[in-house]
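Asker: So that we are looking at the same thing, I have put the structure below in structure tokens.
The values are calculated or read from the model by the stated rules, or taken from the named source; none is laboratory data. Note that the structure is predicted; figures quoted are calculated from it, not measured. Counting neighbours? That spans all protein chains shown, and the Cβs are built from the backbone with ideal geometry, glycine included.
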């Protein structure tokens with residue numbers, strides 16, 4: 001079993017990595033002349049993909065090491081060397097930067113920083129998550145999405161309710177690009193290897209999550225994940241980070 005303290009330690013490590021990246025990004029944006037939007041955009045197109053790639057590689061290496069630690073904690077037998085997964089394609093990062101660069105042509109060009117931080121957080125963490133998932137598939141074992149931190153968002157709780165069903169890229173919601181699209185920026189969910197029932201981390205409550213998912217689905221009257229997440233926010237406002245209190 002993976003102890004909750006192990007997951008928390010790994011979460012804190014990835015959060016610190018994210019903090020460093022955001023600090024570097026904030027410093028870079030502060031150095032730009034935002035009165036010249038074209039120049040600022042071009043500078044970001046050069047800087048952000050490199051930043052995401054460099055720290056994404058760090059995240060992948062951290063994940064490979066933690067994957068091996070998980071195997072040891074779960075009593076897995078046989079030698080296994082976890083492999084890392086490459087970062088988000090440069091083209092995808094550039095496309096996001098170009099989209100967000102629209103902020104540079106507004107009366108508040110510095111407003112680009114907040115959404116750019118969120119996007120970069122996702123790009124930096126994704127190679128770690130993909131590394132975890134890829135190694136589980138190499139071993140032909142399942143993996144689960146485990147919320148960490150004090151609270152999680154409704155979208156993540158809906159996905160966590162699927163229990164350890166993830167065994168392939170398709171079942172994890174992969175869009176075909178080689179990276180699952182079920183994560184967002186500033187997400188604290190962790191990928192956990194599940195080879196046998198005793199591998200579930202302590203306090204991970206998939207049955208409880210699933211019961212809440214079913215209640216939200218019934219309330220939504222829909223099988224659409226966005227509708228279910230919206231219902232989750234209304235039905236369990238104190239449970240999720242983005243809860244909506246209606247009374």
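Asker: Find the helices (runs of 4 or more DSSP H) located wholly in segment 1-118 whose residues include 3 or more that are under 24 Å from residue 139 (Cβ atoms) and touching a helix residue (DSSP H, G or I) at 6+ places or on another chain (Cβ under 8 Å), and list them.
Answerer: 4-31, 37-73
Asker: What do you reckon, is residue 107 at pLDDT 90 or above and either under 11 Å from the mean Cα position of the chain (by Cα) or surrounded by 24 or more Cβ atoms within 10 Å (Cβ to Cβ) (or both)?
Answerer: Numbers: at pLDDT 90 or above: yes; either under 11 Å from the mean Cα position of the chain (by Cα) or surrounded by 24 or more Cβ atoms within 10 Å (Cβ to Cβ) (or both): no.
For residue 107, the condition - at pLDDT 90 or above and either under 11 Å from the mean Cα position of the chain (by Cα) or surrounded by 24 or more Cβ atoms within 10 Å (Cβ to Cβ) (or both) - is not met.
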